[in-house]
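Here's the structure, in structure tokens; my notes come after.
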Amino acid sequence: MFQLFTDFANWLTFSVFGLSPATKQGDALNFFIEDVSKIFALLVVMIYLIALLRASLNVEKVRDYLAKKHRGVGYLMGSAFGAITPFCSCSSIPVFLGFTSAGIPVGITMAFLITSPLINEVAVLLLMGLLGWKFTVLYVVVGMAVGMLGGLFLDLIKAERWLQSFAAEALKRGQQNKLANRSANLRQTESSLTFPQRHQFAKEEALEIFGRVWKWVIIGVGIGAALHGFVPDGWIESHLGDGQWWSVPAAVMLGIPLYSNATGVIPIMESLIKNGLPVGTTMAFCMSTVAASFPEFILLKQVMQWRLLAILFSLLLVSFTLVGWVFNAFTPLL
């Protein structure tokens, strides 16, 4: 299937535009066209199929279900729900507010918020082709573990006391079950969707998500193409590629000013690995770009006080650094 995109990119770059595959410009443009066309197709198809399956999912039921579960199960399910929902870090925040209003503990909600931008079905599919199933499984497990442990830590320090006043009040009301009547009414009025309704829902969601992320795909692939075609051979390897302990935290700090989603960052990951950056250092950089970006924290400031933002920020940086070190250590064994 992916060969079709390779053939299309080769035809457009080398036949239509007349560039040579031996030049950096031709190589970079070919990389850009192939990855953009592939990711766009996967975005539309995969999100449509996932949305079709999720068309009858009632978010209120998910919230109520999570609120009633044992805390440990709640962390796992919050993280799992984040892994299967195609939200970037910024678009996860409305769901975060919904969970808070439902009275779900902050730790479970944060497990969702941390995991959601790190893992999605398109990123997993692309990563499978890039690094193989062993790394992909490890990536999913590590991403969910970061969300779960982050949620546990934030519950232990009672992070809800550092929510903004309106969010803290919504959480308190939800925990006092003052939203029970609202949830009951929604369940009573809920009806099964017909297939045409599911199709319409899936089509609208696919178009809406595509409309929100396409520019980040182009930016991400553009950066990847620049790294792929124009970074001098051996430059990245000579600076961060020797496996020095400090290269992982340095990569994490480099990722903070950037912003992408898990889909858009995969081409960057591919270019970095091909240019000699160790897998763990690359993963740490990409996780930082996806889940610890400035745009996300600007939005989170609307619902969190500075102290909680600083704790969350530090937690993510430490987690991503540890993840990078672990991946670098285990890479020779996989």
Next item on the list: List the number of the failed condition for Met128; all other conditions in (1) crowded, with 23+ Cβ neighbours inside 10 Å; (2) modelled with pLDDT under 80; (3) in a helix (DSSP H, G or I) hold.
Entry: (1)
Check: If you go through the range 1-21 one residue at a time, how many are under 12 Å from Phe31 (Cα atoms) and either exposed (fewer than 10 other Cβ atoms within 10 Å of the Cβ) or polar (S, T, N, Q) (or both)?
Finding: 3
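For every residue, the table says whether it meets (1) surrounded by fewer than 21 Cβ atoms within 10 Å (Cβ to Cβ); (2) among the aliphatic types (A, V, I, L, M); (3) modelled with pLDDT under 85; (4) not in a helix (DSSP H, G or I).
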| position | (1), (2), (3), (4) |
| --- | --- |
| Val265 | no, yes, yes, no |
| Ile268 | no, yes, yes, no |
| Ser271 | no, no, yes, no |
| Met283 | no, yes, yes, no |
| Ser288 | no, no, yes, no |
| Ile298 | yes, yes, yes, no |
| Phe313 | yes, no, no, no |
| Phe320 | no, no, no, no |
| Pro332 | yes, no, yes, no |
Next item on the list: Consider only pairs whose beta carbons are under 7 Å apart and that are at least six residues apart or on different chains; among these, list those whose first residue lies in the range 21-35 and is in contact (Cβ under 8 Å) with a residue 12 or more places away in the chain and whose second residue is among the polar types (S, T, N, Q) and part of a helix (DSSP H, G or I).
Entry: Gly26/Thr13; Leu29/Thr13; Asn30/Asn10; Asn30/Thr13; Ile33/Thr13; Glu34/Thr6
Checklist line | Residue, farthest from Leu131 (Cα to Cα), within the range 239-259, restricted to residues that are at pLDDT below 75 and touching a Pro at 6+ places or on another chain (Cβ under 9 Å) | finding: Tyr259
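The values are calculated or read from the model by the stated rules, or taken from the named source; none is laboratory data. Every value quoted in this text rests on a predicted model; they were computed, and no experiment measured them. Neighbour counts are summed over all protein chains in view; Cβ atoms, including those assigned to glycine, are modelled from backbone coordinates with ideal geometry.
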